[in-house]
1. May I ask for the distance between the Cα centers of segment 305-333 and segment 269-301, given as a whole number of Å?
2. Can you give the local net charge around Met213? Use residues other than it whose beta-carbon is closer than 13 angstrom to its beta-carbon, Lys and Arg +1, Asp and Glu -1.
3. Just checking my list (i) 1.30; (ii) 0.98; (iii) 1.02 against Rg/Rh (Cα atoms, Kirkwood Rh) computed from this structure; which label fits?
4. I'd like the accessible area for Arg309, computed on protein heavy atoms only with a 1.4 Å probe and all protein chains in place. Round to 10 Å², please.
5. What residue among Gly400, Gly78, Gly352 has the largest mean-square fluctuation in a Gaussian network model of the chain, using Cα springs under 10 Å?
6. If you fit an axis through the alpha-carbon atoms of helix 219-229 and take the longest principal axis of the Cα set of the chain, what angle between them do you get, 0 to 90°, nearest 10?
7. Determine, from the Cβ-Cβ distance of Leu176 and Gln37 and an R0 of 45 Å, the FRET efficiency 1/(1 + (r/R0)^6), rounded to the nearest 0.05.
8. List the trypsin sites (Lys or Arg not before Pro) within segment 215-284 that fall in a DSSP loop (any state other than H, G, I, E or B) and whose Cβ has at most 13 other Cβ atoms within 10 Å.
Amino acid sequence: MKQETPQSLETDLTLDALLMMATENNPTLVQAQQQIQGTLGKALEAGLYPNPTFYYIAEQIFVDSETDTDTPGEFQGGAVQQEIVTANKREISRRKYQQRAKTAEWMAVAQQWRVCNDVRIHFWQTLGHRQIVDIRRELLKAAEDSALTTREQVNLGQATQAELHLSNVSLQRTRLSLLNAENMYRSQFAMLSSLVGVELEPQPLKGELKADMESMIDFNQAVENLYSDSPEVLAATAKWQADCVTLERERVEPIPNIFVKAATGYNHEAREPVASVQVFLEVLIFDRNQGTIQQAEADLARQNTEIQRTRLRLRQDLALHYQKYLTALQHVIEFQSVILPEAKAAYANQLGAYKDDRQNWGDVLKTQREYYQLREQFVHHLIAWRTNETLINGFLLHGGLKAAESPTPPGHIDSVAQPR
């Protein structure tokens, strides 16, 4: 078998293309779909009627009271036993697992959001870190110009040896900073590649980190969206509905099923065919399923509060991410409208003054470095804004390689061989 290798050819790595790759290749999405199929299988099994049991009966074989010789015995025949399920137990069991399948469907939707949100977030982060690499390359060029200028000033007696040593230190630190940015970019690309489930070599992404910032997310509206549309809330609600059916199922469990046994055969002693019918059921004296009913009631009460807990947790997480989103957005707006234009103008003025012999080159380089550093800060604010915007619009779901959750909780009710 040919081993797969990372794809080195360049493709149009747009966000939409990466999302499509993730939908087709991320293994957690397959897991989530199989959770649904597995639960539907339980629903099928739980609703099936019990199989009949066939018996072969032979009594008093080889015994004849009169001749004391080997005979076929007193009786030879067969019997069939059938369990008659009462109180519609199997249909209720099927409804329970069908409701659990709906829970699994909402969990699969949540997993889809986790994967897509993570792809978006790492797309923005990879795009941003690529821009940071470019900025730090420009910073390195500025540091090299500064070191060269200091060396020329030392030759002219306008700078000291200590200043030369410090410029060399600054140059080397800038080189390390560029290496760190390149390492971070490669790391982000590898994480993005892992999320989409395809091994890709680092290559340029097609996209724009900036976007329209006129429409701002409203906190109260975001809370309402979480409460009404969050897959986690809807899964918790579906689980509560399944627990309601579970309690209904356990309450009818004590109603005994009826066992009917019919037998027919030949009585060799009487020399005639015979038949018999038996009907029996369990007498509920000690075990009336009271412990399991109590557990089902507790599970239902716990799940009722789980819906409330999920909403409160989401609101708490939203408050944190909204603060980060709002802060990043405010910085992006100010950087884009005031800070970067002013810093760029200051650098242009310094450069113009240097050309007119009214400014020394060292001050020009210092202003240039400050401008580039502000550009890098701007990229970081853009990444933070995009990340938290994605999370807020994506129901705060992330963890695209986290194993898909199971809709079936552990416990005694679900540990029996025949699901009920």
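The values are calculated or read from the model by the stated rules, or taken from the named source; none is laboratory data. Just so we're clear, the structure is a prediction, and the values are computed from it rather than from any experiment. Methodologically, a virtual Cβ is constructed for each residue, glycine included, from the backbone with ideal geometry; neighbour enumeration extends over all protein chains shown. To get the accessible areas, we keep the full protein, side chains included, count just its heavy atoms, and leave off ligands, DNA and RNA. Shrake-Rupley method; radii C 1.70, N 1.55, O 1.52, S 1.80 Å.
1. The distance from the Cα centre of segment 305-333 to that of segment 269-301 comes to 54 Å.
2. Values: positive: Lys210, Arg386; negative: Glu208, Asp212, Glu214, Glu334, Glu389.
Here the count lands on -3.
3. The listed entry that was calculated here is (i).
4. Arg309 exposes around 110 Å² with every protein chain in place.
5. In this elastic network of the chain, the residue with the biggest mean-square fluctuation among Gly400, Gly78, Gly352 is Gly78.
6. 30 degrees
7. Working: r = 52 Å, r/R0 = 1.15.
It comes out at approximately 0.30.
8. Details: sites: Lys239, Arg249, Arg251, Lys261, Arg271; in loops: Arg271.
In loop regions of segment 215-284 (DSSP not H, G, I, E or B), the sparsely surrounded trypsin sites (Lys or Arg not before Pro) are Arg271.
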